1. If packing is taken as the mean number of other Cβ atoms within 10 Å per residue, what is the order of 122-128, 106-112, highest first?
2. Using a simple charge model, +1 on the beta-carbon of Lys and Arg, -1 on the beta-carbon of Asp and Glu, nothing else, what dipole does region 10-155 show about its Cα centre, in debye to the nearest 20?
3. So how compact is region 10-155: Cα radius of gyration and Dmax in angstrom?
4. Along the charge dipole of the chain, pointing to its positive end and built from +1/-1 on Cβ of Lys, Arg, Asp and Glu, which listed residue (Leu76, Thr29, Leu90) has its Cα farthest out?
5. Full extension from Gln92 to Ala75: what is 0.36 nm times the residue separation minus their Cα-Cα distance, to one decimal in nm?
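Every number in this text was worked out from the coordinates using simple rules, so none of it is lab data. This is a predicted model, so every value here is computed, not measured. Cβ placement follows ideal geometry from the backbone for every residue including glycine, while neighbour counts extend to all protein chains displayed.
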Amino acid sequence: MADSDDIRGLFGTFDAKVDLNSGRVSVSTDLTLLKGKQVMVTIEPLKRYLEVRTLGVFNEFQARVLARADELPIALGNALRIHYLGSAALAQVDNSFRLVLPRKTRDFLGTKGDVVLVGVGDSLQIWPADRYAEAHAEMERALAENYETYATEIHRSGRREVPPPAAQGA
């Protein structure tokens, strides 16, 4: 049975502002799945954005990170544990869709409070707006250069093949 915090439907991109003194950010009401949930906030290892996951999703994620870290050389595995899971902090999205970012994750955002929230299925990314603009431009270039090589596969995935019509009179 799935944990009640096991959510997978966070989608959309939203501009927001973080009060850097209190750490408060208003989450879009379009992200209703987060309302009233306890969440874990982590700093993505490449330090591009924050990641927000509900506790159920975080527990699964943590298990995957630890399993992978155990397969890596010791220094790299430890770096993954320390810099990824070690940055995790508990927070809450209240019933008014406000999230108060813990201090260690809030400091990551720097001195500007403009952010972009990006729902990517089972997590919410919180990007500093300037970093998001740069990364978004790079992502658009990569898609433009490579989309056709995998588009057919993506759009057909999950579809059942329809058999050709039976021969008449057979």
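1. Numbers: 122-128: 22.3, 106-112: 15.0.
Ranked from most to least packed, the peptides come out as 122-128, 106-112.
2. Details: 17 positive and 19 negative charges, 159 e Å.
With Lys and Arg at +1 and Asp and Glu at -1, about 760 debye.
3. Cα radius of gyration and Dmax of region 10-155 are 16.2, 47 Å respectively.
4. Looking along the dipole axis, the top candidate is Leu90.
5. On the way: separation 17, 0.36 × 17 = 6.12 nm, distance 3.27 nm.
Contour length minus the Cα-Cα distance gives 2.9 nm.
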